[in-house]
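> My questions all concern the structure below.
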Amino acid sequence: MYAKVIVDVPANQTDKLFDYLVPEELERFISPGMRVVVPFGSRKIQGFVWEITTFTSLQKVKPITELLDPFPVLTPEMMKLAEYLANETVCFLITALQSMIPAAIRAKPKKMLTLTANKAELPPVLQAVFGKQHTLEWKDLPHEKGVLQLVKQASENGDIDIDYVVSDKTNKKIVQTVSIHPDYRGEDVQNIVGNKAKKQAAVLQWLQENAGSAAIAVKQLTKELHTTRQTVLELVRKNLLVLEEREEYRDPYQSRVFQEQERPALTTQQQHVLQPVQQAVHDKEHMTFLLRGVTGSGKTEVYLQAIEKVLAKGEEAIVLVPEISLTPQMVERFKARFGSKVAVLHSALAAGEKYDEWRKIHRKEVQVAVGARSAVFAPFEHLGLIIIDEEHEGSYKQEDHPKYHARQVAIWRGKHHNCPVMLGSATPSLESYARARKGVYKLLELKERVNNIAMPVVNIIDMREELKKGNRSVFSELLLEKLRTRIERNEQAVLFLNRRGYSTFVMCRNCGYTADCPHCEITLTYHHTKRQLKCHYCGFEEPMLQRCPDCDSEHIRFFGTGTQKVEEELTKLLPEARVIRMDVDTTKRKGSHEKLLQSFGRGEADILLGTQMIAKGLDFPKITLAGVLAADTLLHLPDFRASERTFQLLTQVSGRAGRDKLTGEVVIQTYTPDHYSIQHAKTHNYEAFTLEEMGHRKRSGYPPYYYLALLTIASEDVVQVIQTSEKIAAYLRQSLSSETKVLGPTVSPIARIKDRYRYQCMIKYRNEPNLTQTLQVVASHYQKEIASEKMFISIDMNPQMFM
Ligand SMILES: Nc1ncnc2c1ncn2[C@@H]1O[C@H](COP(=O)(O)OP(=O)(O)OP(=O)(O)O)[C@@H](O)[C@H]1O
Ligand SMILES: [Zn+2]
Ligand SMILES: [Zn+2]
């Protein structure tokens, strides 16, 4: 019996199945989808069993070293999906797999040294290195040439054995528990331990009274009774208590009590959109729905009730939400409805926590998975529905390999399981909307807010006029006045500042010099707390400049506005305002995001000032004002989606205001008040915006009229980059159909990162069945250069970013 194995080495040469002999004792247990340890060259590495066969064309096959799982970690569906992704996104199969399973499941091989000779026979240096130990990990060796030389010598002499050991990283959390031995249950404690052992008696007494036959965690016991572990273990030694080890999940939401929530009766329009989804769930029919519902129209409630239907059928559901709107508030709505049936997956979880949530799914202990992008891989086997909330969000596209889009995976899985997929948003992406208009997706609409609450009134402020009036502040007069009235009326406001493009950069007012990163073509960002300049791409840092390096002027300052600076100005202008600032700096610590939001929810602040993370999902009744400080910052990015992103963002931010009984207002500050994305955001007119934007896309040949693929070529050698890019472009032009346009090569918008020059080719196509194959040929043609890290070629199908 042989196993065909995918090895955990992401490289061109290893991107295929390797044959291994299945040792006889494993024959009964092994099956596809299990992890194994296999010899590979001189190493031992992890792999996944792909197939079991009785035939191999090889002369000599090495045996599998170890089987790591009693059950497959990959379902047959996941294996097929990995193959699909590897092919569609042009990446290695193992790379696709790696993003589908929790990191904890990927075992890392360790290089271990084991003493085989008598220690006294070793050179004194090595004796000292080993100390009292018998084995050592390679990475713990002192990295001195002499030591390594001696180790090598000793290994050649056979005194030290060097081997790779694959240790399973899937450390489960083990809890020790005790229970009263069945023979002594209910018996008088005095009779069992006598009078002397008072502490032990207390433990037994407590267990008799409170636990009965139940097992109690030793930790809990010692805490409850202010006693020691020693005392408890003594009782175990006397055979009065039974010690057991129990596996426990690390549940980040453990300490929170979720109030059961009654489900509201749906409004007529909600019922109207829910009905066809429920029907598809019932019929087990694969369809993709696009739910376009204005902000506050009750989309989430529709999701919840659709899921109820799925659970009632005994099936499972996945709900994707963007990482930043995976707020406690959001999680709470699902936990309150479905309780312990819900697993939550997001990147803020520790590796162990993620693994535990994943295992709950794998073991069928939960039926609903709520999470960010990668939750689309939740290994359910009876999927009844997949929901993608805020489907337009760019974060659903993974920017590393495999460069997949969650929507694409969701639809693949929907087809596999014969179940519906529901995409929801107040501002669907143009691609999805176009598909819905063409009937590929089924369009469902919620045009009004729940309870007929009015959409907020939007004021557009021309900041050029403010400057003419002599107002140099980042706050317009109107915004400031409206903030003031919120404080007076004890209402709340959110203030949004786009982080991207608006971070602080340094410029000389005398000669116009800007401080740039010496390795990347990008301005350095000023960090106030450390008074340093930092590059966001490579991490380069230097102290803030005191004088201009070009003209020696002292008038060198930072420009632009960060949230910190806005906060400072805000407290000067409105000293009475209580402000909570939410940005990457204030939410670094685990749980701080949640704490800040809770505090705001309790009314401990008047103004929530923040970046992208406050734009979405917030549902606080007292927010009656939403302010956007600079609406243009997104408009000027070199990206054909800039207008679309601006419209989406303005709509989302506006959507935070006036969601309850109090009427909402919005103030948008801008230098380009006439831009159509700002004008249509003012009137909440998604259709009008879409119509206008579609025109632009059609004229310039962008999605949804054309598909895109982006090739980026990077190297330290600028001549090599240019020559290679030109060769690749020529090859593509010759291989692809004549309707397909190959643009470039041109310099990437960020021309250099980490000293590597970057060029790109853009492919625009409508129908190109052989495209991925052609791109694969390109990638493998340059595999030597790529493997030696001389050159980088990145292939991005349907790119979301163009930097
Ligand atoms: N049928 C209903 N009856 C009463 N209240 C409802 C109903 N449906 C939803 N709501 C409430 O209306 C508010 C807005 O609903 P929800 O948050 O689901 O909207 P949404 O469309 O998901 O919003 P957004 O896209 O802006 O985040 C919530 O407070 C929700 O509890
Ligand atoms: Zn200068
Ligand atoms: Zn840099």
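Read the figures in this text as sums done on the coordinates, not as results from a lab. The structure displayed is predicted, hence computed values, not measured ones. Cβ: placed from backbone, ideal geometry, glycine included. Neighbour counts: every protein chain shown.
> Which entries of Lys223/Lys588; Lys403/Lys784; Lys284/Lys403; Lys482/Lys661 have Cα-Cα distances beyond 24 Å here?
As for pairs spanning more than 24 Å Cα to Cα, those are Lys223/Lys588; Lys284/Lys403.
> Between Ala350 and Ala117, what is the label-point separation in nm under the 7 Å Cα-to-beta-carbon projection?
According to this spin-label approximation, the distance is 4.3 nm.
> Quick one: putting +1 on the C-beta of Lys and Arg, -1 on the C-beta of Asp and Glu, what dipole do you get for the chain around its Cα centre, in Debye to the nearest 20?
Dipole size: approximately 440 debye.
> Starting from the Cα of Ser340, step 7 Å along the direction of its Cβ; do the same at Glu25; then give the gap between the two resulting points in nm.
About 3.8 nm separates the two model spin labels.
> How much length is gained on full extension from Leu243 to Gln279, taking 0.36 nm per residue of separation minus their Cα-Cα distance?
7.8 nm
> Looking at the range 268-451, send over the antiparallel percent of its DSSP beta bridges, to the nearest 5.
5 percent
> Which whole-number percent gives the relative contact order of the chain, counting Cα pairs below 8 Å spaced six or more residues apart?
10 percent
> Moving on. Hey, what do the phi angles of the range 383-400 turn into as Karplus ³J(HN,Hα) couplings, whole Hz, using 6.51/-1.76/1.60 and θ = phi - 60°, x for Gly and Pro?
5, x, 6, 10, 10, 10, 7, 6, 4, 6, 4, x, 6, 6, 9, 7, 8, 9
> Within straight cross-link reach of Lys132, meaning Cα distance under 17 Å, which lysines are found once same-chain residues fewer than 8 apart are removed?
In chain and number order, the partners are Lys119.
> Here's a follow-up. Residues with beta-carbon under 9 Å from that of Gly47, excluding Gly47: net charge, scoring Lys, Arg +1 and Asp, Glu -1?
After counting each charged neighbour, the total is 0.
> Lysines near Lys4 by alpha-carbon distance under 23 Å, same-chain residues fewer than 8 away left out - which ones?
The reachable lysines, counting only those whose Cα sits under 23 Å from Lys4, are Lys16, Lys44, Lys60, Lys62, Lys80, Lys108.
> I've got another one for you. What are the ³J(HN,Hα) couplings of the range 427-441, residue after residue, when phi is run through the Karplus curve with 6.51, -1.76, 1.60 and θ = phi - 60°? Round to Hz, x for glycine and proline.
Result, rounded to whole Hz: 9, x, 4, 4, 4, 5, 5, 5, 5, 5, 5, 7, x, 5, 9.
> Output the peptides 283-295, 780-792, 194-206 sorted from most to least packed, where packing is the average of other Cβ atoms within 10 Å over each peptide's residues.
283-295, 194-206, 780-792
> Just report the Cα centroid separation between the range 446-480 and the range 633-684, whole Å.
After rounding, the separation between the Cα centres reads 10 Å.
> I would also like to ask the following. Under 12 Å Cα to Cα from Lys764, which aspartates and glutamates show up? Leave out anything in the same chain fewer than 8 places away.
Hits, sequence-local ones excluded: Glu739.
> Another question, then. If R0 is 30 Å, what FRET efficiency do you get for Glu554 and Tyr671 from their C-beta distance, rounded to 0.05?
Efficiency computed from Cβ-Cβ geometry: 0.55.
> While we're here: What does the extension gain come out to for Glu576 and Glu481, with contour length at 0.36 nm per residue minus their alpha carbon separation?
This chain segment gains 32.9 nm when fully extended.
> Among Asn12, Pro769, Gln176, pick out the residue whose Cα is farthest towards the positive end of the charge dipole of the chain, where Lys and Arg carry +1 and Asp and Glu carry -1 on C-beta, about the Cα centre.
Checked the options; the winner is Gln176.
> With a 10 Å Cβ neighbour count serving as the proxy for reagent exposure, in which order, fewest first, do Trp358, Trp412 appear?
So the ranking, lowest neighbour count to highest, is Trp412, Trp358.
> Using a simple spin-label model with points 7 Å from Cα along the Cα→Cβ vector, what separation in nm is obtained for Gln720 and Leu225?
Result: 6.9 nm between the two label points.
> Rounded to the nearest 5, what % of DSSP beta bridges with both residues in the chain are antiparallel?
Approximately 60 percent, going by the DSSP bridge assignments.
> Among bridges DSSP assigns within the range 1-104, what percent are antiparallel (round to 5)?
Looking only at bridges with both residues in the range 1-104, the antiparallel portion is about 95 percent.
> Further question: Where in the range 571-591 does the label zone of Asp660 land, with the point 7 angstrom along Cα→C-beta and an amide N cut-off under 20 Å?
Once the point is set 7 Å along Cα→Cβ of Asp660, 578-580 turn out to lie under 20 Å by backbone N, inside the range 571-591.
> What is the order of Thr724, Thr53, fewest Cβ neighbours within 10 Å to most?
Placing the least packed residue first, the sequence is Thr53, Thr724.
> Gly314: net charge of surrounding residues, Cβ under 13 Å, Lys/Arg +1, Asp/Glu -1, itself excluded?
Taking every Cβ under 13 Å from that of Gly314, the sum is +1.
> Taking a ≥ b ≥ c as the square roots of the eigenvalues of the Cα gyration tensor of the range 368-501, is the shape rounded (a/c under 1.5), prolate (a/b larger than b/c) or oblate?
prolate
> Nearest 20 debye, what's the magnitude of the dipole of the range 707-797 about its Cα centre given +1 on Lys and Arg Cβ and -1 on Asp and Glu Cβ?
Roughly 140 debye, rounded to the nearest 20.
> Given a Förster distance of 35 angstrom, what is the FRET efficiency for Ala312 paired with Arg602, based on the Cβ-Cβ distance and rounded to 0.05?
The value I calculate is 0.45.
> Something else about it: What pairs from Lys595/Lys754; Lys199/Lys219; Lys415/Lys590; Lys727/Lys790; Lys335/Lys590 go past 27 Å between their alpha carbons?
Lys595/Lys754; Lys415/Lys590
> Going by how many other Cβ atoms sit within 10 Å of their own, how do Met801, Met463 line up, fewest first?
Met801, Met463
> If Lys and Arg each add +1 and Asp and Glu each add -1, what is the summed charge of the other residues whose beta carbon sits under 15 Å from the beta carbon of Ala729?
Net local charge, Ala729 excluded: +4.
> What residues from the range 457-495 fall in the zone where the backbone N is under 17 Å from a label point 7 Å along the Cα-to-C-beta line of Ala688?
Of the residues in the range 457-495, 457-461 have backbone N under 17 Å from the label point off Ala688.
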